[in-house]
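Right, one structure below, let's go through it.
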Amino acid sequence: MYERIFSVESGQWHSLRVIAVNDRFEVMLNGTSLFSATDRTLPQAGPVGVWSQADSVTYYGSLLMSPIQR
């Protein structure tokens, strides 16, 4: 599991972007790269989930998914 502790201002909208290509993931918040990771335990396509801490109130304006343009 990969994570990075990052302060997020409450009461504002934020942009979370995850780019997944094969076993490589890049995670960005508001245009700033948080981390990149490789996970070889995911051998094929599957479901996607979004999670936040139990003590937070989180609203999602939209969840967009699209294939990478090559």
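The values are calculated or read from the model by the stated rules, or taken from the named source; none is laboratory data. Keep in mind the model is a prediction, meaning the values are calculated, not measured. Cβ atoms come from the backbone with ideal geometry, glycine included; neighbour counts cover every protein chain shown. Just the protein is used for accessible areas: all its heavy atoms, side chains included, with ligands, DNA and RNA removed. Shrake-Rupley method; radii C 1.70, N 1.55, O 1.52, S 1.80 Å.
Tally up the residues in segment 1-41 that are under 16 Å from residue 68 (Cβ atoms) and at pLDDT below 80, please.
0
What tally of residues in segment 37-70 results from selecting those that are closer than 20 Å to residue 7 by Cβ and either in contact with a helix residue (DSSP H, G or I) (Cβ under 6 Å, 6 or more places away or on another chain) or open to solvent by less than 70 Å² (accessible area, probe 1.4 Å) (or both)?
Here the count works out to 3.
Report every pair of residues separated by at least 6 positions or lying on different chains whose Cβ atoms are under 6 Å apart, first residue within segment 40-55 and on the phi < 0 side of the Ramachandran plot, second part of a loop (DSSP other than H, G, I, E, B) and among the acidic types (Asp, Glu).
Here the result reads 40/23, each pair linking segment 40-55 to a residue that is part of a loop (DSSP other than H, G, I, E, B) and among the acidic types (Asp, Glu).
List the residue pairs whose Cβ atoms are under 9 Å apart, where the first residue sits in segment 1-21 and is open to solvent by less than 90 Å² (accessible area, probe 1.4 Å), the second is in a loop (DSSP other than H, G, I, E, B) and hydrophobic (A, V, I, L, M, F, W, C), and the two are 6 or more positions apart or on different chains.
14/8; 18/48; 19/68; 20/42; 20/48; 20/68; 21/68
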